[in-house]
Amino acid sequence: MSGQHTMTDHTKELVVISGKGGTGKTSVVASFAALAENAVLADCDVDAADLHLVLGPDTIRREDFSGGKRARIIPEKCVACGKCAELCRFDAIRFDGLPGGAVAKTYRVDPIGCEGCGVCAWFCPAGAIEFASVVNGQWFVSETRHGPMVHAKLHVAEENSGKLVSTVRKQAAEVAAERGATLLLVDGSPGIGCPVIASITGADAVLIVTEPTLSGLHDLGRVADVAMHFNIPALVCVNKWDLNAEIAARIEADAAERGLRVAGRVRYDRAVTDAQVRRQSVVEFVPDGPAEDMRTVWAAVAEALR
Amino acid sequence: MNIAVCSGKGGTGKTTVATNLAVTVSAAARSAGYLDCDVEEPNGALFLKPEVAETRPVEVSIPEVDQAKCTGCGQCGEICQYSAIVCVNEQVLVFPELCHGCAGCWLVCPAGAIREAKRPTGQLAIGAAGGVQWVQGLLNVGEVMSPPVIAAVKDAAPDVDVLIIDAPPGTSCPVIESVRDSDFVLLVTEPTPFGLNDLKLAVEMVRALALPFAVVINRADVGDGETTDYCAAEGIDVLAELPDDRRVAEAYSRGEIACEAIPDYRDIYAQLLERITQEATAAE
């Protein structure tokens, strides 16, 4: 959860978030990556990381991530007393384990339900529960055509995405310090919970990418409150604004009322998806239209970071 | 029958599909329920416009320390895996927002100085939208953990013929809490590189949970053909391919349900529901 970094004073950290998913956050980050000079990139959407699809990273360092421990019942030692099932608050103990040394059926930990609290292992009267660290993801340092990138992959059905997000940000800050980068550009995750909070705490600014729908308007309010809760200056960009010009205007008015800076609008254009299919950012793919919009938004954001 | 509607990637049309399915169930004269488990950003209500009958806080368990009884032995800090309770210089400190409510500290405390207390982290709302029974969870701003709020939504599920579960995006703990005991999972995707990458993660997740599932491709005429190829190669059924229809996008932007705003969609969703029902029954 901690946002404590060791970064040089002149490195600014910008986190791009969205509240609602699918508003075009990663497409904006890819364009900013192409436009920014001397930046380090971090993909903190570890649950569904996509930035690498556009940036084609060449991985130079790969590390295992362990976010916590997990319980495992050893059938040979289990006496089937049921204490673990009685104490587990996460409904993660099943009575369908293999035959044990002394009993015909043993208890078993459902690894998907287990939150790694260790209560079962601590209180097992037979000492039959192992409680050890597990690897639940990997993180990587890579080179891309737009600068170094730190990214990660959480294993399927794993916990602790917030801890992995903190790890990615910390490593990215170290890379930024080593390379003397002036910008740390972070692709955040949707929502307002654990991974989002882990990705924004201590950042210099967040850019909220939203869309002109009632859902976008509703979710913008919630994620703006989170940024405010953690005292992080926030900017807003309405993507695909021309899908509903009236709601786009309402979002910008609402943002201004909340004291958020409006960084600009990006039009709805198939070129954005076509660029993605060609593994490019839209500013690399077309000269004008949405690319022009992205450049305008980037200029406003860069100005605000100064 | 419980149908969870998921998507690895956000914004692929999960809420659109979930709300339209709920309305379609109800239109077929079957009892329908809709659980909004996307508790970080619940949006189903913007479309269903339910009348809220009841709201109540969602509470989680946290420790409360009686400093007078505490001996400073430090066992609470030893058992806690989340640094939510720590003992420094024989002084116990609690960080409630980090607590998972596992009960370890109050079970382990030899002095009986810790008791279980409650703390609100979200709100539950229960109501109805026409024939659809609606339940929504809302995580309080600044809170980290959505799974307890999701669990509360599921505990409040109505007893209906078909229950539609609108899950959060992604593939980690909140999604798993949402889909855990469903009968069938519908993965909504879009045929773009991002959509496909996140679909693959979602497929890995439902396979790890051993749940029957199928795919709906939304905005099927954008992007590329790789999603269809992937589903064919993996033997995954694609139950519907919905077009990139500006009328749907605009109806969505105004908070309207496609089936209600654009009559063509009634048949499309009736067929989708029929295919889900067949697949879910075959999987039993």
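The values are calculated or read from the model by the stated rules, or taken from the named source; none is laboratory data. Just so you know, these numbers come straight off a predicted model, no measurement behind them. Counting neighbours? That spans all protein chains shown, and the Cβs are built from the backbone with ideal geometry, glycine included.
The figures follow:
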{"read-out": "Yes/no for B:Ile257 being surrounded by fewer than 21 Cβ atoms within 10 Å (Cβ to Cβ), under 25 Å from A:Ile247 (Cβ atoms) and at pLDDT 95 or above", "value": "no"}
{"read-out": "Subset tally (residues that are part of a helix (DSSP H, G or I) and more than 8 Å from chain A (Cβ to nearest Cβ)) for segment B:178-198", "value": "4"}
{"read-out": "Complete set of residues in segment B:75-125 that are charged (D, E, K, R), more than 13 Å from chain A (Cβ to nearest Cβ) and not in a loop (DSSP other than H, G, I, E, B)", "value": "B:Arg115, B:Lys118, B:Arg119"}
{"read-out": "Residue match in segment A:48-57 (condition: more than 18 Å from A:Ile208 (Cβ to Cβ), in contact with a helix residue (DSSP H, G or I) (Cβ under 6 Å, 6 or more places away or on another chain) and part of a strand (DSSP E or B))", "value": "no"}
{"read-out": "So A:Asp91, is it within 14 Å of another protein chain (Cβ to nearest Cβ), over 19 Å from B:Glu177 (Cβ atoms) and modelled with pLDDT of 90 or more", "value": "no"}
{"read-out": "Output for segment B:106-142, where each listed residue is within 18 Å of B:Ile85 (Cβ to Cβ) and within 19 Å of the chain's Cα centre (by Cα)", "value": "B:Thr121"}
{"read-out": "Residue check for B:Glu54: out of contact with any strand residue (DSSP E or B) (no Cβ under 8 Å at 6 or more places or on another chain), surrounded by fewer than 18 Cβ atoms within 10 Å (Cβ to Cβ) and more than 13 Å from every other protein chain (Cβ to nearest Cβ)", "value": "no"}
{"read-out": "Filter result for the condition that a residue is more than 20 Å from A:Gly116 (Cα to Cα) and not hydroxyl-bearing (Ser, Thr, Tyr), over B:Ala111, B:Ala84", "value": "B:Ala111"}
{"read-out": "Subset of segment A:40-59 that is surrounded by 24 or more Cβ atoms within 10 Å (Cβ to Cβ) and aliphatic (A, V, I, L, M) - its residue that is nearest to A:Val165 (Cα to Cα)", "value": "A:Val46"}
{"read-out": "Options A:Cys84, A:Cys117: the member that is within 11 Å of chain B (Cβ to nearest Cβ) and farther than 25 Å from A:Ser27 by Cα", "value": "A:Cys117"}
{"read-out": "Any hit, segment A:175-190, residues being farther than 23 Å from B:Lys9 by Cβ, surrounded by 21 or more Cβ atoms within 10 Å (Cβ to Cβ) and without any contact (Cβ under 8 Å) to a residue 24 or more places away in the chain", "value": "no"}
{"read-out": "Condition check for A:Cys88: surrounded by 18 or more Cβ atoms within 10 Å (Cβ to Cβ) and free of Cβ contacts under 8 Å to residues at least 60 places away in the same chain", "value": "yes"}
{"read-out": "Selected residue (criterion: surrounded by the fewest Cβ atoms within 10 Å (Cβ to Cβ)) from residues of segment B:91-111 that are of a type in the set (A, V, I, L, M) and within 16 Å of A:Trp122 (Cβ to Cβ)", "value": "B:Leu107"}
{"read-out": "Residue among B:Val206, B:Val144, B:Val175, B:Val149 that is in a helix (DSSP H, G or I), in contact with a Cys (Cβ under 9 Å, 6 or more places away or on another chain), of a type outside the set (Lys, Arg) and more than 30 Å from B:Thr227 (Cβ to Cβ)", "value": "B:Val149"}
{"read-out": "Test set (1) surrounded by fewer than 24 Cβ atoms within 10 Å (Cβ to Cβ); (2) hydrophobic (A, V, I, L, M, F, W, C); (3) in contact (Cβ under 8 Å) with a residue 24 or more places away in the chain - B:Ala208 fails condition number", "value": "(3)"}
{"read-out": "Matching residues, segment A:106-130, being surrounded by fewer than 17 Cβ atoms within 10 Å (Cβ to Cβ), at pLDDT 95 or above and in contact with a strand residue (DSSP E or B) (Cβ under 7 Å, 6 or more places away or on another chain)", "value": "A:Glu130"}
{"read-out": "Considering residues of segment B:160-178 that are under 18 Å from A:Ser161 (Cα atoms) and aliphatic (A, V, I, L, M) only, the residue surrounded by the fewest Cβ atoms within 10 Å (Cβ to Cβ)", "value": "B:Ile176"}
{"read-out": "Of all residues in segment A:147-180 being of a type in the set (S, T, N, Q) and on the phi < 0 side of the Ramachandran plot, the one that is nearest to the other protein chains (Cβ to nearest Cβ)", "value": "A:Ser161"}
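Every residue, every condition in (1) among the hydrophobic types (A, V, I, L, M, F, W, C); (2) within 30 Å of A:Ala300 (Cβ to Cβ), yes or no:
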{"residue": "A:Leu14", "(1), (2)": "yes, yes"}
{"residue": "A:Val40", "(1), (2)": "yes, yes"}
{"residue": "A:Asp58", "(1), (2)": "no, no"}
{"residue": "A:Arg72", "(1), (2)": "no, no"}
{"residue": "A:Lys83", "(1), (2)": "no, no"}
{"residue": "A:Leu87", "(1), (2)": "yes, no"}
{"residue": "A:Asp96", "(1), (2)": "no, no"}
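Residues checked against (1) under 30 Å from A:Cys114 (Cα atoms); (2) modelled with pLDDT under 90; (3) part of a loop (DSSP other than H, G, I, E, B); (4) within 14 Å of chain B (Cβ to nearest Cβ):
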residue: A:Thr6; (1), (2), (3), (4): no, yes, yes, no
residue: A:Val29; (1), (2), (3), (4): no, no, no, yes
residue: A:Leu41; (1), (2), (3), (4): no, no, no, no
residue: A:Val46; (1), (2), (3), (4): yes, no, yes, yes
residue: A:Glu63; (1), (2), (3), (4): yes, no, no, no
